[in-house]
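Data block below; observations after.
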Amino acid sequence: MTFINRFDGQLWQECDQIYLKHQQLCLQLQDDHQVNVNLLLLALWLDNQSHFLSASQWQILQQDTMKWESRVLLPYRKLRRLSKSCLAADEYQQMLDLELMLERKSQKLILHNVNQLVWQGDANNLTSYLSLFNLSDKDYKILAS
């Protein structure tokens, strides 16, 4: 199929619902395996929509996302975590709020990149994305529920 996708930011609201359901596991995958939670949620959402990307497309999305996140979001997240014991609760909440703003910026970048892709996948997205980290979707079937 040769068309340009036209997803909008609405999909992230649905991804937020998936995240709330599986927050602990998402954060564990992020911390233990450097899985990008936004891309993980996108993979699950795309699976629900029956839109499939190839493993190479997931690799490109991961690389493009990490270019930005490694310069801005990830160092800030590390600073926030290191600062937790030194800050008052309201100051720490301000840091969390800023990190959420950076996450939303990352989501816009991901959405822009996804909207440039042509569907090429023939396997589910969760499988394709987790395989980038040598993880099996069989170990994380709970995410698809």
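The values are calculated or read from the model by the stated rules, or taken from the named source; none is laboratory data. Bear in mind the structure is a predicted one, so any value in this text is a computation, not a measurement. Every residue, glycine among them, receives a Cβ derived from its backbone with ideal geometry; neighbour counts consider all protein chains shown. Surface accessibility is based on the protein's heavy atoms, side chains included, excluding ligands, DNA and RNA. Shrake-Rupley method; radii C 1.70, N 1.55, O 1.52, S 1.80 Å.
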Identify the residue in the stretch 47-70 that is in a loop (DSSP other than H, G, I, E, B) and not aliphatic (A, V, I, L, M) and, among all such residues, is least open to solvent (accessible area, probe 1.4 Å).
-> 54
Residues being polar (S, T, N, Q) and modelled with pLDDT of 95 or more - total across the stretch 35-56 | 2
Filtering the stretch 87-122 down to residues that are over 18 Å from residue 30 (Cβ atoms), open to solvent by less than 40 Å² (accessible area, probe 1.4 Å) and not aromatic (Phe, Trp, Tyr) yields 111, 113, 114, 115, 117, 121
Breaking point among (1) within 15 Å of the chain's Cα centre (by Cα); (2) within 17 Å of residue 143 (Cα to Cα), for residue 104 = (2)
Restricting the search to the stretch 19-39, which residues are assigned to a helix (DSSP H, G or I), farther than 18 Å from residue 108 by Cα and open to solvent by 20 Å² or more (accessible area, probe 1.4 Å)?
-> 20, 21, 23, 24, 25, 27, 28, 30, 31, 32, 33
Any hit, the stretch 127-144, residues being in a loop (DSSP other than H, G, I, E, B) and crowded, with 17+ Cβ neighbours inside 10 Å | yes
Set 44, 73: member being in contact with a His (Cβ under 9 Å, 6 or more places away or on another chain) and buried (at least 16 other Cβ atoms within 10 Å of the Cβ) | 44
Which ones in the stretch 93-126 are more than 23 Å from residue 32 (Cα to Cα) and in a loop (DSSP other than H, G, I, E, B)?
-> 115, 116, 117, 118, 119, 120, 121, 122, 123
